[in-house]
Every structure is written in C-alpha cells, then in structure tokens.
Amino acid sequence: MQIEVLPSAGSPRIPYLEDKLVIVIDVLRATSTIVTALANGCQAIVPVLTSEEALEKRLTLPGSLLGGERDSLIIEGFDLGNSPFDYVPEKVGGRRVIMTTTNGTRAIRDSIAAPMIWMASFVNMQSIVLAILREFERNDKLQGIVVICAGTEERFDLPDILCAGMFIDALGSNVILNDLGEAARMLYQCSEDHLTDKIRSSVHGKKLISLGFERDLVYCSTPNILPIVPVFQDGEIVWLT
C-alpha cells in the first residue's frame, strides 16, 4: 500500500488524487470535532471555505447551524465554535452543521478530486484503520492513500504529523512511504507513550492552552474513543455505515 503524506492544506504540490483514498487530519480541532459531532447525532457536516459562504449556504439549508473558527475562536454570529464540547447532542442532534475552519475545511476542499475522502483524528483512529483495510481488500481501483495534514496556516503542524504517524504505524510494515510519511511514523513511535505532552508543547497546543482550550487538547489527544468513520459525500460529511 502506497501512502503519501502532505504537510499542510494549500500544499503547492497536490498529487494525482483521482485513484486515491484521501485521509484528512486536523487534530486541533476540525476532524476531532467532526467525529464528535457525528457521534452525537449530527445529521451531516457541510464544509465551506469562508464565513460568507457559510451564511449563503444556510439560506439553502433551513434549520442548519453555523460552526467554525478563525484564529481558534468562534466566528461572530455563529452558533458553534470549533471545540468538540460545543457539539453536544442537545445542540447538533438531527441537524446539519455548516462548518468553516482556518485549516481543516480547506484541506477537505483541496481533496475534492479524490473519489473517497475520509476524516481521521486520534479519537477515531482504530475505526479509520479497520475501515481502510476493509476498503482496500474489496476495492481494486484504489491505487494508494494520500494523507493531507491540515497544518496551521500552510505550515507544518506537529499534532497532525503525529496523528499521521499513528495511522501509518497501525497499518503495519507493508507500506511504501514518502519521506514525510517515514518521518511521521518515526516521530509517532518516539512519542506514543506521551502523546498529550508532545501536543501540549507544540505551537498549536500552546496557543489553544493560552486561549483556555486545554480540555479540548486533552480530548483531541486521546486515541480510539469513538467508532466513527466520517466520509465526504455529495458535498457533506456523514458517518460511513
């Protein structure tokens, strides 16, 4: 299985995606929050690039909520921020959420040429890996995986790379990696016993803590707590069943 890891959304070199399964990772916090929202009964997440696009989209989806962030904080006038703790069942159950974030939703939109786009985080890693193995057993049209780490404003982001490393490590030794994929696996293997501490010490982690979101950081660093595989289909993210 061939796996190529990209360092950030907006990467200047996007590989050929038409025969790839894309995994989007934004640990802090978009993909972690998407997984949580679906687990809590959200009907679907509709990713958009801008707050203006979100407002326009809501006109066509009455009853939808607006969720997302800029500079890690809730967007003025939106119903929800980017904290997984915002997306509780009593708020999102049975409803769509139109979401825009600085990095995560951009990474999803960058992947639009791929036939399959799935969302990964630490919180749903085991489910993603099992689903990947099943998919490659039955689908001979897929020619590999592209992991797009959302990054932070087009920069390398340690939490995302560690998550990519966990994903690669869980798939076993029979994988062919690019250099960043190899580096991600090595970083994860050196850090797996103290993931939360590593994420706390990252630039992104320090910023979230300074804004009062340490609880989010701890939650988003916890592996395998939700059995959800979010997939992008027909313009929205739903739970793969």
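Return the residue satisfying two criteria in turn: it lies in the stretch 227-241 and is assigned to a loop (DSSP other than H, G, I, E, B) and open to solvent by 40 Å² or more (accessible area, probe 1.4 Å), and of such residues it is nearest to VAL123 (Cα to Cα).
PRO227
Taking ILE168, is it in contact with a Lys or Arg (Cβ under 8 Å, 6 or more places away or on another chain), surrounded by fewer than 19 Cβ atoms within 10 Å (Cβ to Cβ), modelled with pLDDT of 95 or more and among the β-branched types (Val, Ile, Thr)? Full working, then the answer.
Values: in contact with a Lys or Arg (Cβ under 8 Å, 6 or more places away or on another chain): yes; surrounded by fewer than 19 Cβ atoms within 10 Å (Cβ to Cβ): no; modelled with pLDDT of 95 or more: yes; among the β-branched types (Val, Ile, Thr): yes.
Considered against the rule, which asks whether it is in contact with a Lys or Arg (Cβ under 8 Å, 6 or more places away or on another chain), surrounded by fewer than 19 Cβ atoms within 10 Å (Cβ to Cβ), modelled with pLDDT of 95 or more and among the β-branched types (Val, Ile, Thr), ILE168 comes out as no.
Among all positions in the stretch 201-213, there is no residue which is on the phi > 0 side of the Ramachandran plot and either in contact with a helix residue (DSSP H, G or I) (Cβ under 7 Å, 6 or more places away or on another chain) or open to solvent by less than 10 Å² (accessible area, probe 1.4 Å) (or both).
Results for (1) modelled with pLDDT of 95 or more; (2) under 13 Å from the mean Cα position of the chain (by Cα); (3) among the aromatic types (Phe, Trp, Tyr); (4) open to solvent by 10 Å² or more (accessible area, probe 1.4 Å), shown as yes or no for each residue.
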| residue | (1), (2), (3), (4) |
| --- | --- |
| THR101 | yes, yes, no, no |
| MET116 | yes, no, no, yes |
| PHE122 | yes, yes, yes, no |
| SER127 | yes, no, no, yes |
| ALA131 | yes, no, no, no |
| ASP140 | no, no, no, yes |
| VAL147 | yes, yes, no, no |
| PHE156 | no, no, yes, yes |
| ASP160 | yes, yes, no, no |
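With respect to the conditions (1) more than 18 Å from the chain's Cα centre (by Cα); (2) within 19 Å of ARG29 (Cβ to Cβ); (3) surrounded by fewer than 19 Cβ atoms within 10 Å (Cβ to Cβ), LYS198 falls short on a single one, namely (3).
If you check ASP86, ASP110, ASP26, ASP71, which single one turns out to be surrounded by fewer than 18 Cβ atoms within 10 Å (Cβ to Cβ), touching a residue at least 24 places away in the same chain (Cβ under 8 Å) and of a type in the set (Asp, Glu)? First the steps, then the outcome.
Working: ASP86 fails: surrounded by fewer than 18 Cβ atoms within 10 Å (Cβ to Cβ); ASP110 fails: surrounded by fewer than 18 Cβ atoms within 10 Å (Cβ to Cβ); ASP26 fails: surrounded by fewer than 18 Cβ atoms within 10 Å (Cβ to Cβ).
Matching residue, one of ASP86, ASP110, ASP26, ASP71: ASP71.
Might you let me know whether the stretch 180-187 holds any residue that is open to solvent by less than 50 Å² (accessible area, probe 1.4 Å), outside any helix (DSSP H, G or I) and either over 19 Å from PRO47 (Cα atoms) or touching a helix residue (DSSP H, G or I) at 6+ places or on another chain (Cβ under 9 Å) (or both)? No; the residues of the stretch 180-187 include none that is open to solvent by less than 50 Å² (accessible area, probe 1.4 Å), outside any helix (DSSP H, G or I) and either over 19 Å from PRO47 (Cα atoms) or touching a helix residue (DSSP H, G or I) at 6+ places or on another chain (Cβ under 9 Å) (or both). Within the option set LEU130, LEU142, being of a type in the set (A, V, I, L, M, F, W, C), closer than 18 Å to ILE3 by Cα and free of Cβ contacts under 8 Å to residues at least 24 places away in the same chain holds for one residue only, LEU130. Taking first residues from the stretch 180-208 that are under 22 Å from GLY104 (Cβ atoms) and partners that are β-branched (Val, Ile, Thr) and surrounded by fewer than 21 Cβ atoms within 10 Å (Cβ to Cβ), the Cβ contacts under 7 Å between residues at least 6 apart in sequence or on separate chains come to THR196/VAL218; ARG200/ILE209.
Within the stretch 149-179, the set of residues being in contact (Cβ under 8 Å) with a residue 12 or more places away in the chain and among the acidic types (Asp, Glu) comprises GLU153, GLU154, ASP157, ASP160, ASP169.
The values are calculated or read from the model by the stated rules, or taken from the named source; none is laboratory data. Keep in mind that this is a model prediction, so the values were computed, not measured. Cβ coordinates were reconstructed from backbone atoms using ideal geometry, including for glycine residues, and neighbour counts include every protein chain displayed. Keep in mind that these areas ignore ligands, DNA and RNA; they rest on the heavy atoms of the full protein, side chains included. Shrake-Rupley method; radii C 1.70, N 1.55, O 1.52, S 1.80 Å.
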